[in-house]
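The values are calculated or read from the model by the stated rules, or taken from the named source; none is laboratory data. Owing to the predicted nature of the structure, the values given are computational and were not obtained by experimental measurement. Positions of Cβ are generated from backbone atoms using ideal geometry, with glycine treated the same way; all protein chains shown enter the neighbour counts. Keep in mind that these areas ignore ligands, DNA and RNA; they rest on the heavy atoms of the full protein, side chains included. Shrake-Rupley method; radii C 1.70, N 1.55, O 1.52, S 1.80 Å.
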Amino acid sequence: MSDLLRVENLCVAPIANPHKLLVNKVSFTLNSGKTTCIVGESGSGKSLTALTVMGLLAPSLSRTSGSINFQGTELTGLSNEQMSDVRGKRIGMIFQEPMTSLNPVLTVGYQISESLAHHLGLSGKELKTRIEGLLQQVGIPPERANAYPDELSGGQRQRVMIAMSIACEPAMLIADEPTTALDVTVQAQILALLAELKSRMNMGMLFITHDFGVVADIADDVVVMFRGEIVETGMVQQVLENPQHPYTRALLACVPDAEGKKPLQSIDYAWLGEPA
Amino acid sequence: MSDIILSASHLTKTYRQRSGRFGFGRKLVKALDDVSINIKTGSTLAIVGESGSGKSTLARCLLQLLPLDAGTVQFQGQDLAALSGDALRAVRRHLQMVFQDPFASLNPRMKVGEIVGEGLLIHNLGDAQERTRKVLQMLERVGLSAADINKYPHEFSGGQRQRVGIARALVLEPKLVICDEPVSALDVSIQAQILLLLKELQQEMGLSYLFISHDLRIVRHMADEIAVMHDGKIVEQGEVESIYSSPQQAYTQNLLNSIPGRQRRTASLI
């Protein structure tokens, strides 16, 4: 198998209530240099799926079945120590809130250096050069390495997060709603940056969003989730232009249309009444 | 000029911002730089711009929640800056605001019934029974139920909390409602529900809206007129159609180009 990531029949449930599946038989694949978007509303299980892949489930939840194969390694069989070697080094992650995911009392340069020092054992001049190179790659002047997070704008903080996540040149990047907290113009810049880095470094990107507009901009493949289950998967063009599942159609319909041709529509759950 | 409900002219507001590493320095930031707007009765004016463009400062200055450095705000022919105390409070009943963050803008220790009814209490409208009736009616109108009156904000989802925020503003039967990014904290699917609710209520209650947003996809559906703000100035202003079809300023063009999904960024597709 040449797939970078192959998730099969993944199920996640609270330990206290193992029959209530929050992620229900989720299967998808991701290839190097490609972007798979998981689309869904709050509570659809999209973030939970990503956290499970990273091995970062909350202690009250557990993976009840399924396999997660990454570059031929079965991640579900790894110990916590082995998993920490994968996280940050082979899989990078970007979170939604650039304000809360950076440590306010450490310089951004230091925060980027942590994973380089930990995973690659870099230090001194070599480390400094690497940090400056990374900042340059994400479009921040290298001298800003000494800045604290509060001295940067929201977009710049998210660029720092991206620099941290790609520091060890991971084979895969998981981005969980990385632009939701940002303005549209900054969002467009960050999406363009992610697409460029992904191509240049030949990374696979697992991108989580609730916005089909964003999907249209960056996805190769799309996975639509609803209440813990996948309702539709396909190539981006196919899903956008010819959605098969009524939920996908409903979710697409509620994206406001900037041309003003289509009336504003709220999500219609009418199809739930019938067996889908 | 009875068809203009609110008219603001030449508003200026300057902040003193701390600068330098330990904040010992000071620099002046012009949050509003000679801003003039008119809102027509029963219509929606959208203020569009990025973070830091001054759009939220504008909202706060219009409501006299922040003092202006210069300029006048006329609401239904009254100069708001000249009012104070009881007179200002009386006018504010007709000038309400719906806030961006439904998580931060509702007091977590108050029940929803108290939150929605507080305005009625402050403005001394009706007796206890009448107030309860109005609160219930408003909650039902925004899609919540009578049972929700005794719940606390944390028991609701983001979309439902924003419905509470709307009920809180509209129970006073205001004339003008300032909506400051009312849906930017919500999922796309929930956004549409809230926007449709706002539009329906506008029709029913004859409301005028000042709608603040950075998302031009939404503004297209909500606004009659648009004012584009950048660095505290209004750079372009006009009817919705003309702004979208023929933007005059490069800055507006840039905002339009940033709309997600508008032009498939082909880099990853090739």
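Residues that are modelled with pLDDT under 90, over 23 Å from residue B:31 (Cβ atoms) and in a loop (DSSP other than H, G, I, E, B) within region B:220-268 comprise B:259, B:260, B:261, B:262, B:263, B:264, B:265, listed in sequence order.
Are any residues in region A:119-141 surrounded by fewer than 15 Cβ atoms within 10 Å (Cβ to Cβ) and assigned to a helix (DSSP H, G or I), and if so, which ones? Correct list: A:124, A:125, A:126, A:129, A:133, A:136.
Which residues, taken from region A:89-101, are at pLDDT 90 or above and not basic (Lys, Arg)? Break it down into steps so the answer makes sense when it comes.
So in region A:89-101, the residues at pLDDT 90 or above come out as A:89-94.
If the condition is that a residue be at pLDDT 90 or above and not basic (Lys, Arg), then A:91, A:92, A:93, A:94 are the ones that fit.
Sub-8 Å Cβ pairs linking a first residue in region B:234-246 that is within 13 Å of residue B:48 (Cα to Cα) to a second residue that is surrounded by fewer than 16 Cβ atoms within 10 Å (Cβ to Cβ) and hydroxyl-bearing (Ser, Thr, Tyr), at least 6 apart or interchain, are B:234/B:36, ordered by first then second residue. Within region A:162-174, being in contact with a strand residue (DSSP E or B) (Cβ under 7 Å, 6 or more places away or on another chain) and open to solvent by 10 Å² or more (accessible area, probe 1.4 Å) holds for one residue alone: A:171. Residues in region B:36-59 that are away from chain A (no Cβ under 14 Å), under 14 Å from the mean Cα position of the chain (by Cα) and either of a type in the set (Lys, Arg) or surrounded by fewer than 20 Cβ atoms within 10 Å (Cβ to Cβ) (or both): B:43 alone. Filter region B:197-218 for residues that are within 9 Å of chain A (Cβ to nearest Cβ) and among the β-branched types (Val, Ile, Thr) and give the result. B:218, the sole residue that qualifies. Within region A:78-100, the set of residues being in a loop (DSSP other than H, G, I, E, B), open to solvent by 40 Å² or more (accessible area, probe 1.4 Å) and of a type outside the set (Val, Ile, Thr) comprises A:78, A:79, A:89, A:90, A:95, A:96, A:97, A:99. Every condition in (1) within 10 Å of chain B (Cβ to nearest Cβ); (2) open to solvent by less than 30 Å² (accessible area, probe 1.4 Å); (3) under 16 Å from the mean Cα position of the chain (by Cα) is met by residue A:192 except one, and the failing one is (2).
Highlighted here are the helices (runs of 4 or more DSSP H) found entirely within region B:78-189 that include at least 1 residues which are touching a residue at least 40 places away in the same chain (Cβ under 8 Å): B:112-122, B:128-141, B:158-170. Would you mind finding the one in B:32, B:62 that is more than 24 Å from residue B:207 (Cα to Cα), out of contact with any Phe, Trp or Tyr (no Cβ under 6 Å at 6 or more places or on another chain), open to solvent by less than 20 Å² (accessible area, probe 1.4 Å) and not assigned by TED's automatic domain parsing to the domain that holds residue B:118? It is B:32. Might you check whether a residue that is closer than 19 Å to residue B:190 by Cα, surrounded by fewer than 22 Cβ atoms within 10 Å (Cβ to Cβ), at the interface with chain B (Cβ under 9 Å from one of its Cβ atoms) and touching a Pro at 6+ places or on another chain (Cβ under 9 Å) occurs anywhere in region A:215-234? Checking region A:215-234: not a single residue is closer than 19 Å to residue B:190 by Cα, surrounded by fewer than 22 Cβ atoms within 10 Å (Cβ to Cβ), at the interface with chain B (Cβ under 9 Å from one of its Cβ atoms) and touching a Pro at 6+ places or on another chain (Cβ under 9 Å).
Which of the following residues is buried (at least 17 other Cβ atoms within 10 Å of the Cβ) and either touching a residue at least 60 places away in the same chain (Cβ under 8 Å) or not assigned by TED's automatic domain parsing to the domain that holds residue B:75 (or both): B:230, B:221?
Working: B:221 fails: either touching a residue at least 60 places away in the same chain (Cβ under 8 Å) or not assigned by TED's automatic domain parsing to the domain that holds residue B:75 (or both).
Answer to the selection: B:230.
Looking across region A:87-108, just one residue is more than 25 Å from residue A:24 (Cα to Cα), within 20 Å of the chain's Cα centre (by Cα) and of a type in the set (Val, Ile, Thr), and that is A:100.
All of A:150, A:183 fail the test of being in contact with a Ser or Thr (Cβ under 6 Å, 6 or more places away or on another chain) and either open to solvent by 50 Å² or more (accessible area, probe 1.4 Å) or charged (D, E, K, R) (or both), apart from A:183.
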